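Since every read-out is calculated from the coordinates, none of them should be taken as a lab result. Just so we're clear, the structure is a prediction, and the values are computed from it rather than from any experiment. Glycine also receives a Cβ, built like all others from the backbone with ideal geometry; neighbour counts cover every protein chain displayed.
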Amino acid sequence: MAGYYPPAGFHFRVEFLDLDVNENDMRFQEVSGLSAELGVEDFQEGGENRFIHRLPARTKYSNLILKRGLLTDSKLIDWCVNAIENFEFKPCTVNVTLLNENHEPLSETLSFTKAWPVKWAVSDFKAQENAIVIETLELAYNYFSRIKL
C-alpha cells in the first residue's frame, strides 16, 4: 500500500463566474489569502473575577490575492478599473480549484461569493533588472465555501 502524498500547490484553476472574460484572464501564477478565522468576543460577568468568558463571533475572511504576468488586453482588469475608478461594482463568484496531473479537480473547489476588486497593483519597472511585470489583483468577498466534487 502506497503512503499518502499531499497534493502539490502549483497546478490550479481560477474561474470568474458571471463575468465575460477570456481564457488568459483565468491564468494566475499565485493565489493567496485562502483563510478564514472565527472572531472571539470577550464577555465580563459581574461578580466573576477569575476569568472572562470568550464567545465565538462572526467569521472573518482575508482578501483573495491573485498574481500574474501583466496582460495588456484584459476584460478582468477592465472590471477592476471600472470598480476602482468609476465606483461601479459587479460582484461575481470566483472559484479556485486544485488540479491533478490530468488537469482534473483534485478534491474540492473553494468558491468565493460576491467578490469585487479592492486593489489593483503593478510591480515596479526597473531598467537594471530583467523581470516580468507582475500585476496583483486583490478581491474582497462575502464568504467562501468548500464545494465537494
Selection count where residues are of a type in the set (Phe, Trp, Tyr) and either farther than 16 Å from GLU138 by Cβ or surrounded by fewer than 18 Cβ atoms within 10 Å (Cβ to Cβ) (or both), scope the stretch 79-103: 2
Within the stretch 1-20, the count of residues that are in a loop (DSSP other than H, G, I, E, B) and either over 17 Å from the mean Cα position of the chain (by Cα) or basic (Lys, Arg) (or both) comes to 9
Test SER35 against the stated conditions and say whether it is of a type in the set (Gly, Ala, Ser), loosely packed, with under 12 Cβ neighbours inside 10 Å and closer than 20 Å to LEU137 by Cα. yes
Looking at ASP18, ASP78 in this structure, which one is free of Cβ contacts under 8 Å to residues at least 24 places away in the same chain and acidic (Asp, Glu)? ASP78
Does GLU41 fit the bill of being among the charged types (D, E, K, R), part of a strand (DSSP E or B), touching a residue at least 40 places away in the same chain (Cβ under 8 Å) and surrounded by fewer than 16 Cβ atoms within 10 Å (Cβ to Cβ)? no
Give the number of residues within the stretch 61-108 that are of a type in the set (Ser, Thr, Tyr) and within 12 Å of the chain's Cα centre (by Cα). 4
Expected single match for in contact with a helix residue (DSSP H, G or I) (Cβ under 7 Å, 6 or more places away or on another chain) and aliphatic (A, V, I, L, M) among LEU98, LEU76 is LEU76
Looking at the stretch 23-32 only, could you name the residues that are more than 21 Å from ASP73 (Cβ to Cβ) and without any contact (Cβ under 8 Å) to a residue 60 or more places away in the chain? GLU30, SER32
